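Shown next, in structure tokens, is the structure this report addresses.
Coordinate-derived values only; no laboratory data. All values reported here derive from a predicted model rather than from experimental measurement. Note that we place each Cβ from the backbone using ideal geometry, even for glycine, and neighbour counts take in every protein chain shown.
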Amino acid sequence: MLAHLDPTARVVVVLVGLLAVYVLSGFIWPYTACPTCDGGKHRSPTGKNWRSCGKCGGSGKKVRLISRILGRGD
Ligand SMILES: [Zn+2]
């Protein structure tokens with residue numbers, strides 16, 4: 001299928017394909033784990049106490065960039 005394309009065009013086709021997969025995944029799975037906390041909680045060293053994460057509001061989830069662009073998520 002790609003054999004008749006020159007190498008540059010082949011690279012473009014592959015990149016567009018990867019972009020399509022990335023965009024589709026942003027539609028299906030709009031959230032990723034918050035990178036700064038453990039499930040929305042910042043735990044004390046003992047693990048018994050915690051405060052809510054200010055970045056994700058304690059939800060522990062983060063809307064992915066592509067999903068935000070697509071208007072998905074919160
Ligand atoms: Zn967080």
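Qualifying trypsin sites (Lys or Arg not before Pro) in the chain, where qualification requires a DSSP coil assignment and no more than 16 other C-beta atoms within 10 Å, comprise K48, K55, R72. As a ratio to 2.2 N^0.38 Å, the alpha-carbon radius of gyration computed for the chain takes the value 1.70. Relative to the longest principal axis of the Cα atoms of the chain, the long axis of helix 7-28 makes an angle of roughly 30 degrees.
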